1. Can you pull out the residues in the range 30-72 that are touching a residue at least 40 places away in the same chain (Cβ under 8 Å), of a type outside the set (D, E, K, R) and within 12 Å of the ligand (Cβ to nearest atom)?
2. I'd like to check something: does the range 86-99 contain any residue that is over 16 Å from the mean Cα position of the chain (by Cα), exposed (fewer than 15 other Cβ atoms within 10 Å of the Cβ) and not in a loop (DSSP other than H, G, I, E, B)?
3. Consider only pairs whose beta carbons are under 6 Å apart and that are at least six residues apart or on different chains; among these, list those whose first residue lies in the range 115-126 and is assigned to a loop (DSSP other than H, G, I, E, B) and whose second residue is among the small types (Gly, Ala, Ser).
4. Among the listed residues ILE142, ILE108, ILE116, which satisfies the condition of being buried (at least 17 other Cβ atoms within 10 Å of the Cβ) and closer than 18 Å to GLY13 by Cα?
5. Would a scan of the range 85-93 turn up a residue that is small (Gly, Ala, Ser) and without any contact (Cβ under 8 Å) to a residue 40 or more places away in the chain?
6. Has the range 194-202 got at least one residue that is out of contact with any Ser or Thr (no Cβ under 8 Å at 6 or more places or on another chain) and surrounded by fewer than 15 Cβ atoms within 10 Å (Cβ to Cβ)?
7. Take the range 11-29 and flag every residue that is out of contact with any Asp or Glu (no Cβ under 7 Å at 6 or more places or on another chain), within 13 Å of the ligand (Cβ to nearest atom) and of a type in the set (D, E, K, R).
8. Taking the stated definitions as given, is LEU185 at negative phi, crowded, with 17+ Cβ neighbours inside 10 Å and touching a strand residue (DSSP E or B) at 6+ places or on another chain (Cβ under 6 Å)?
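Rule-based calculations on the coordinates, nothing more; no lab input. Please read all numbers here as calculations on a predicted model, not as lab measurements. Cβ atoms come from the backbone with ideal geometry, glycine included; neighbour counts cover every protein chain shown.
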Amino acid sequence: MINMILISPPSAGKGTQSKMLSEKFKIPHISTGSILREEINKKTELGTKIKDTIERGILLDDKTIFEILHSRLMKEDCKNGYVLDGFPRTLKQAKLYDEFLKETKENIKYVFYLSIDKNIAYERLKGRLICSNCQATYNELIEEVKPIVNDVCNECGSNLIKRVDDNYEVFIKRFELFLTEIEPLKNYYKEKGILYEIEGSEKVMDTFSKIVQIINCGDLSD
Ligand code: AMP
């Protein structure tokens, strides 16, 4: 079982790294942000309720996001592990998740924290695109993660669009909000001895190699 968490400020590359890790270790990539955007796209009851919160860059309340995640983690494809992208965002979420792990007799061995300077993150954000259908992420300014055909998703051929929360005002708000929540969360995982800080502003493959090296040095047996 390989469970891992990726935490980072907005636009530090956790979506890209999570997807690559998911492919390498053949485990699902679970992005709470993507789940929520999908609900909005499908105009479900939940999607309608949360649309404004997401567009303003505010966090959903801990109980709601945990319920959404919980039902995803109970699916069959998660039984051999998963990459958690964007959860937990608060200490309360981390504790709710720990209760879940206790109940299911699982554990988490790797929490990767990708750090990045705010200005570099904003520069990256300018090129970020997502698939309007399958939520795959791209960056037209980064060679390694550019779409093969401009504005077209490599995976499903749908149009690529900008995220509604990828504008300067919302980015700044999300970045600052992230910094206020992150210290207690980092300390929580540091005390458990499972936090690994990685510089997120390097080349995509360099960051990826560092993460994989840490995992390969560990014991993946349980
Ligand atoms: P992301 O795709 O991770 O950048 O998340 C996009 C948005 O979804 C965030 O700005 C929040 O509004 C919401 N969201 C995603 N994950 C969480 C979470 N763990 N807790 C609360 N809100 C979240």
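1. ILE30, SER31, THR32, GLY33, SER34, ILE54, GLY57, ILE58, LEU59
2. Yes.
3. Cβ pairs passing all conditions: ILE116/ALA12; ILE116/GLY200; ILE116/SER201.
4. Step by step, each of ILE142, ILE108, ILE116 is checked, and only ILE116 is buried (at least 17 other Cβ atoms within 10 Å of the Cβ) and closer than 18 Å to GLY13 by Cα.
5. No, the range 85-93 contains no residue that is small (Gly, Ala, Ser) and without any contact (Cβ under 8 Å) to a residue 40 or more places away in the chain.
6. no
7. Within the range 11-29, just LYS19 meets the criteria.
8. So LEU185 fails the test.
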